[in-house]
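Asker: Handing you this structure, nothing more for now.
The values are calculated or read from the model by the stated rules, or taken from the named source; none is laboratory data. Just so it is clear, the model here is predicted, and its values are computed rather than measured. Note that each Cβ is placed from the backbone with ideal geometry, even for glycine, and that neighbours are counted across all protein chains shown.
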């Protein structure tokens, strides 16, 4: 039980750190990294919530959700990096325009 709470607390801290970086940073690469940190925090929260007594949960749904989420996060990161490089080629900058 203590390990599950620790996972959840560390996951919440990672999510908060990623949210702060997402709001404060303007460079797209740093924002993509911030989204990855937020995703890692979410995965840790799900793992913490999915732990049962003795560290093994009889239902494998939370673990399956985390594995699926990791695959989706890697694909989304690859797409975001490709779009960032395309924007940098077109505009010469890897930042969003100021409005």
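Asker: Provide a single number: the residues in segment 22-31 that are surrounded by fewer than 18 Cβ atoms within 10 Å (Cβ to Cβ) and either in contact (Cβ under 8 Å) with a residue 12 or more places away in the chain or farther than 22 Å from residue 83 by Cβ (or both). Steps first, answer last, please.
Answerer: Let us first name the residues in segment 22-31 that are surrounded by fewer than 18 Cβ atoms within 10 Å (Cβ to Cβ), namely 22-27, 29-30.
Adding the requirement that they be either in contact (Cβ under 8 Å) with a residue 12 or more places away in the chain or farther than 22 Å from residue 83 by Cβ (or both) leaves 22, 26-27, 29.
Going through segment 22-31 one residue at a time, the tally reaches 4.
Asker: Is there a residue being assigned to a helix (DSSP H, G or I) and within 11 Å of the chain's Cα centre (by Cα) anywhere in segment 77-95?
Answerer: Taking segment 77-95 and keeping what is assigned to a helix (DSSP H, G or I), we get 77-91.
From what is left, the residues that are within 11 Å of the chain's Cα centre (by Cα) are 77.
Yes, because at least one residue in segment 77-95 is assigned to a helix (DSSP H, G or I) and within 11 Å of the chain's Cα centre (by Cα).
Asker: Looking for whichever is modelled with pLDDT of 95 or more and surrounded by 15 or more Cβ atoms within 10 Å (Cβ to Cβ) here; the options are 19, 44, 81. Which one fits? Steps first, please.
Answerer: Details: 44 fails: modelled with pLDDT of 95 or more; 81 fails: surrounded by 15 or more Cβ atoms within 10 Å (Cβ to Cβ).
Exactly one residue qualifies, and that residue is 19.
Asker: Condition test on residue 15, is it in contact with a helix residue (DSSP H, G or I) (Cβ under 7 Å, 6 or more places away or on another chain), under 16 Å from residue 77 (Cβ atoms) and in a helix (DSSP H, G or I)?
Answerer: Numbers: in contact with a helix residue (DSSP H, G or I) (Cβ under 7 Å, 6 or more places away or on another chain): yes; under 16 Å from residue 77 (Cβ atoms): no; in a helix (DSSP H, G or I): yes.
So residue 15 does not fit the description; no.
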